[in-house]
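The values are calculated or read from the model by the stated rules, or taken from the named source; none is laboratory data. Fair warning: this is a prediction, and the values are worked out from it, not measured in the lab. Using ideal geometry, Cβ is built from the backbone for each residue, glycine included, and neighbour counts are taken over all protein chains shown. Note: areas computed on protein heavy atoms with side chains; ligands, DNA, RNA excluded. Shrake-Rupley method; radii C 1.70, N 1.55, O 1.52, S 1.80 Å.
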Amino acid sequence: MKTLLILISLFLFNFSCGAYEISDAAEKAPSHEIFDELLKKYVSKDGKVDYKGFIKEEKKLQKYLDLLSNNAPDKKAWSKDEQLAYWINAYNAFTIKLIADNYPVESIKDLNPTLNVPMVNTVWTKKFFKIGGEDTSLDDIEHKIIRKEFDEPRIHFAVNCASKSCPPLLNEAFTAEKLDSQLEKAAKDFINNPKYNKISAEKVEISQIFSWFKGDFTKKGSLIDYLNKYSKVKIKSNAKVSNIKYDWSLNE
């Protein structure tokens, strides 16, 4: 009888440990390795996207998207960096999926619904994928989650809208371990690239992103203060500021 009780106790202990291991595994953020491999293979260093390549590897991309859909961030178990890396990758991966499913297309804006109401009914408000069982849109990720929950203006240089004037799509996945350095590089590269921003001490012609989301960039100072954090050219505080017209043609 004593031996039986010992065996039962050992079984329950091992089962309990196993349950904890399963629970721990379920709480971990998913790996972005699949997406990283695809980005390295089908995105150039300057952000040009080979959508035909992604179409050829549709199953691999879908495997990653399913991984995201089935592993929504756990705010209690995941670090802030794990959550933010997840959401940036999700936005970029589902955008690629959207273009691949409708390819060839000249612009993501060609996918707007027939009744297009800016900020209300657009390609970005379309709930075409699920996260944690909930219908979700690209706007949900960018505006209701990332901009609302993370005080991080550099995300505007990381999420990619599949357009030529959009900050270049990084040819690697964002990860919690490298997130700060990746965001820092994205900000510096975008702001100092004359294709997107023309900067001099007296005059700056900048992306419309800085107009659309000005509030995100001016929480701790002026827009010029923010630009000077990354600009190689020191901009004068009274410099003339204007915006460059946005090119929505496909970034391929």
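Observations, loosely collected:
- Per-residue HN-Hα couplings for region 206-217 [Karplus 6.51, -1.76, 1.60; θ = phi - 60°; Hz; x = Gly/Pro]: 10, 4, 5, 3, 6, 8, 4, 10, 3, x, 5, 8
- Here the dipole of region 67-205 is about 200 debye; that uses its Cα centre as origin and unit charges on the Cβ of Lys and Arg (positive) and Asp and Glu (negative).
- Residue of THR122, THR114, THR175 that the Gaussian network model of the chain assigns the largest fluctuation, springs spanning Cα pairs under 10 Å: THR114
- Measuring with a 1.4 angstrom probe and ignoring ligands and nucleic acids, ARG147 comes out at about 80 Å² accessible.
- Among ALA186, ALA201, ALA93, residue whose mean-square fluctuation peaks in a GNM of the chain (springs only between Cα atoms under 10 Å): ALA201
- Were the residues from GLU27 through LYS59 laid out at 0.36 nm apart, the gain over their Cα-Cα distance would be 9.0 nm.
- Relative to the dominant Cα principal axis of the chain, helix 179-191 is inclined by about 20°.
- Pairs from LYS76/LYS148; LYS56/LYS178; LYS52/LYS80 whose Cα-Cα separation, in the structure shown, is over 26 Å: LYS56/LYS178; LYS52/LYS80
- Residues of region 62-77 with amide N under 17 Å of the 7 Å Cα→Cβ point at LYS40: 64
- Cα-based helix-to-principal-axis angle, 58-69 vs the chain, degrees rounded to 10: 70 degrees
- Of all accessible heavy-atom area on the chain, the percent that carbon and sulfur account for (1.4 Å): 54 percent
- Projecting the Cα atoms of ASN112, GLY133, ALA29 onto the dipole axis of region 23-157, where Lys and Arg carry +1 and Asp and Glu carry -1 at the beta carbon, places ASN112 farthest toward the positive end.
- Of the cross-linked pairs LYS63/LYS188; LYS130/LYS185; LYS195/LYS232; LYS60/LYS126, those separated by over 26 Å at the C-alpha level are LYS63/LYS188; LYS130/LYS185.
- Once the Cα atoms are used to define both axes, helix 2-27 deviates from the longest principal axis of the chain by about 10 degrees.
- Counting only Cβ charges, +1 for Lys and Arg and -1 for Asp and Glu, the dipole size of the chain around its Cα centre is about 840 debye.
- Projecting the Cα positions of ILE96, TYR86, VAL49 onto the charge dipole of the chain (unit charges on Cβ atoms of Lys, Arg, Asp and Glu, taken about the Cα centre) puts VAL49 furthest along the positive direction.
- Value of Rg to Rh for region 51-152 (Rh from inverse mean 1/r over Cα pairs, i.e. Kirkwood): 0.98
- Taking trypsin sites (Lys or Arg not before Pro) across region 168-225, the ones in a DSSP loop with at most 10 further Cβ atoms lying within 10 angstrom of their Cβ are LYS219, LYS220.
- Long-range tail of P(r) for region 34-98 (Cα pairs > 20 Å, %): 30 percent
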